[in-house]
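Report on the following structure.
The values are calculated or read from the model by the stated rules, or taken from the named source; none is laboratory data. All values reported here derive from a predicted model rather than from experimental measurement. Heads up, the Cβs are rebuilt from the backbone with ideal geometry, glycines too, and the neighbour counts pull from every protein chain shown. Heavy atoms of the whole protein, side chains included, go into the accessibility calculation; ligands, DNA and RNA do not. Shrake-Rupley method; radii C 1.70, N 1.55, O 1.52, S 1.80 Å.
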Amino acid sequence: MKVICIGRNYAEHAKELNNPLPAEPVFFMKPDTAVLKDNAPFWHPDFSSDIHFEMELVIRISKAGKHISEEFASRYFDAITGGIDFTARDLQQKCKEKGLPWEIAKAFDHSAVIGAFQPISNFPDLSNISFSLDVNNERRQSGLSADMIFSFNRIVAYVSQFITLKTGDLIFTGTPAGVGKVNPGDSLKGKLEDSEVFQFDVK
Ligand code: MN
């Protein structure tokens, strides 16, 4: 199983990090050891002093495919949830400055938090799914899939040109504006529409 993450998929977030808007999806990957689920606590690593939350919609691939056309892409994922793409922003900034890959900032253990998946059929309009993140019961991020620069179908089609997608693979689809630092003691709660999909603590 692999985790694919789309970067800069919401204009307001690209702006807050001073990144240009991409003409094509930008993606990177996390290994399966990055996955943290079932509301397990996140242990703040000591190699970074600036771990950021990025709340994202996450889709789950349900059928293997490559060179998937955008027209048929919706047949290749069957479930959705909310997740956190934890990012060591201080390390990422150093990588960016040197033009180096981002793995140490993005792919570390437990950097890919996933909530409880819901069938995609629960969401009749995939282009209008709302989601949110509360930190210590305060709303920090709100998103709407309509604001994604690249749709789920476009992402699946694009990524599958380069990498074969397999059943169980996860795709994080980018974060809206409002990313911020987490600290030990914080409690994070993610919602899809009105239903809670995860709630976990930072330790
Ligand atoms: Mn992200």
Legend entry - Count of the stretch 42-71 residues which are open to solvent by 60 Å² or more (accessible area, probe 1.4 Å), over 17 Å from I163 (Cα atoms) and of a type in the set (A, V, I, L, M, F, W, C): 2
Inset, instruction - Output the residues belonging to the stretch 150-164 that are touching a Pro at 6+ places or on another chain (Cβ under 8 Å) and either modelled with pLDDT under 95 or under 11 Å from S127 (Cα atoms) (or both). - result: F150
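Kindly check whether there is at least one residue in the stretch 7-14 that is within 16 Å of the ligand (Cβ to nearest atom) and among the acidic types (D, E).
Yes, that holds for at least one residue.
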Legend entry - Selection status of P119, within 22 Å of E70 (Cα to Cα), at pLDDT below 95, out of contact with any His (no Cβ under 7 Å at 6 or more places or on another chain) and open to solvent by 40 Å² or more (accessible area, probe 1.4 Å): no
Legend entry - Filter pass, H44 being more than 12 Å from the ligand (Cβ to nearest atom) and on the phi > 0 side of the Ramachandran plot: no
Legend entry - Leading residue by the ranking (farthest from the chain's Cα centre (by Cα)) among those in the stretch 184-199 that are open to solvent by 50 Å² or more (accessible area, probe 1.4 Å) and either within 11 Å of F42 (Cβ to Cβ) or acidic (D, E) (or both): P184
